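Data first, discussion second: the structure below is written as structure tokens.
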Amino acid sequence: MFARNSCRALVYRKLLNELLKRNRYLSTNQNLAVVTASNIVPFKLADIGEGIKEVEIKEWYVKVGDHVKQFDKICDVQSDKANVTITCRYDGQVMKLYHQINETANVGEPLIDIQLTQDGTQQLHHTPIVQDDTSEDRSSSTSTGFTPTPQVLATPAVRRLAKDLQISLNDVQGTGKDYRILKEDVLNFDKTKVGLPSTGTTTAPPTTTIQTPMPIIPPSPSTVKQPIVQPPTRTVVSPTATVQTQPAKEDRHETIKGIKKIMVKTMTQANTIPHFTYCDDYDMTELVKLRKKLKKLYQQEKKTLKLSYMPFIIKACSLALMEYPILNAHVDAKCETITYKAAHNIGVAMDTRDGLLVPNIKNVQLLSIQDIALELTRLQQQGYQGKLTNEDMQGGTFSLSNIGAIGGTYAVPILVIPEVAIGALGKISLKPCAPENLDDSSSSSDDDEDSYPDVEFRHMMSISWSADHRVIDGATMARFSNKLKSYLENPMMMMINTK
Ligand code: CAO
């Protein structure tokens, strides 16, 4: 008997050690040790990855006295990466909320106290054991893009699989205990759903491609689904863009919170890095013509695709990055290692409902311009609705900020660390220019004004690059910019080089 118990104890200890090793389990499993005599357990904020240490509480879905079940929504929190909905792991009654709205909660610390029902207690002890693989355990936190349905029983790994396959668990018949949905149920459903309309709403590339050392070829968004994309209208005005029409009578104090607070932190960190900025003007006339033609073609085919300049610019950046991989790199905090990133996950600074966010388009090196347009539109729509997910925000390797979409010519961008380069695009506008490619014989001398060439009007765009001067030199940045310029000024060259 003793031998059997000690053997079991050994197995449990091994299991616990294994779980503790996987740090994503850490915060939820800490609960194992703290169930009190009154059956009250502190429900702690799980590790939501990407080094996020603290979040801000945006909304509570529960109050003291409420009865909750597993997967019920507890609260929305905002991290410096995205908005996240925290869902419950236990069945029980809410005894205490630890924070007010807009207060900061730390990862690993309690969000609420729950008095467990008997079933809840069983769940507490069983949940980690039924986990069937090592996929990410975000069991108690889900991005706003993916909130589990409370009635369905399934492990987090199964939920993630269903999400990746764009399957609604409501449609799947569970064959496990208490109709729990198993991995096989989802896979079997996936086989039978070919030909059925997709239940998913996203056209995003699969999320498994984030931060993989080598690129994993995602199914192109265009092969996943051919959506009719309604372009988002820029009707949602960022809170930072509030227009004051009346003179203020007195000073007003405002606590810095939410995205602004996050901006304080990220920008202050980024500003400790020695940046340099390099600027140039690109002649976008050919691209302006090409886009016009393509838009017309799409209209004729009655296809709705939001084709702004960004998808071309993003693709051209990726092509140029192939030749200058040092610009698609991360540098560690101590600046001891440069990691040349295989995937071109190009971030786009976005003026969203919640303020400035930088979601990224994954694996641009593998996408067509149309794929990029679809994904950018999706991100823009999610951003305007405040629904960008952790996955959308994580893993960026290089960034662009199209301030010209609002106006202006020059901006000095600040790095999105640990990335090493970022570009700010000015407004494309008609400007008088001296024609290029004049041969020497026709070039004018300064004192012969009559021989000045005729001025041409061209669609010009200024671009300003900031780079981490600890690891990037100006010459590399200039060469990269020249390469990009050659693609954007001769967009046909992009076709030849696109894989
Ligand atoms: N010059 C001229 N026209 C531009 C332009 C530019 N630089 N950028 C966009 N446009 C045009 C687009 O082509 C589109 O025109 P059509 O309706 O004819 O197609 C129109 O302006 C609206 O474009 P958009 O803004 O909806 O889409 P986009 O793909 O060009 O840009 C995004 C997407 C997310 C970059 C943009 O919406 C945005 O949020 N920009 C602000 C970025 C920002 O705030 N940067 C500052 C960061 S530092 O605080």
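For the range 267-310, backbone nitrogen atoms closer than 19 Å to the point 7 Å from Ala478 Cα along Cα-to-C-beta are found at 275-283. For Lys485, list the lysines whose Cα falls under 24 Å from its own Cα; do not include residues on the same chain fewer than 8 positions away. Straight-line reach from Lys485, under 24 Å: Lys289, Lys292, Lys293, Lys295, Lys306, Lys315, Lys341, Lys362, Lys427, Lys431, Lys499. Extension gain, Lys183-Tyr452: 0.36 nm per intervening residue step, less the Cα-Cα distance, totals 89.5 nm. The alpha-carbon of Lys183 sits under 18 angstrom from the alpha-carbons of these lysines, leaving out residues fewer than 8 places away in its chain: Lys163, Lys191, Lys193.
Please rank Glu184, Glu336, Glu56, fewest neighbouring Cβ atoms within 10 Å first, as an exposure proxy. Spell out each step's value before the answer.
Numbers: Glu184 11, Glu336 7, Glu56 21.
Listing Glu184, Glu336, Glu56 from fewest to most nearby Cβ atoms yields Glu336, Glu184, Glu56.
Phi-derived couplings, Karplus 6.51 cos²θ - 1.76 cosθ + 1.60 at θ = phi - 60°, listed residue by residue for the range 296-306: 5, 4, 4, 4, 4, 7, 6, 9, 9, 10, 7 Hz, with x used for Gly and Pro.
Annotation: amide H of His275 within the under-5 Å range of His469, sequence separation 5 or more or interchain, hydrogens built in the peptide plane.
Amide H to amide H distances under 5 Å link Asn102 with Ile57, Lys58, where only residues 5 or more positions off or on other chains count and H is placed in the peptide plane. Modelled this way, with points 7 Å down the Cα-to-C-beta line, the labels at Met322 and Ile406 are 3.4 nm from one another. Note on the range 40-116: Lys pairs 8 or more places apart or on different chains, Cα atoms under 23 Å apart, count 19.
As a footprinting exposure proxy, order Lys293, Lys315 by other Cβ within 10 Å, with the fewest listed first.
Values: Lys293 9, Lys315 28.
Result, fewest neighbours first: Lys293, Lys315.
The length gained on full extension between Asn39 and Lys431, counted as 0.36 nm times the residue separation minus their Cα-Cα distance, comes to 133.9 nm.
Approximating the spin labels as points 7 Å out from Cα along Cα→Cβ, the Tyr340-to-His67 distance works out to 6.1 nm. Ignoring lysines fewer than eight residues from Lys249 along the same chain, the ones with Cα atoms less than 29 angstrom from its Cα are Lys257, Lys260, Lys261.
Here the peptides 491-498, 103-110 are ranked by packing, the mean other Cβ count within 10 Å, and the order with the highest first is 103-110, 491-498.
Rule-based calculations on the coordinates, nothing more; no lab input. Bear in mind the structure is a predicted one, so any value in this text is a computation, not a measurement. Note: ideal-geometry Cβ built from the backbone for every residue, glycine included; neighbour counts use all protein chains shown.
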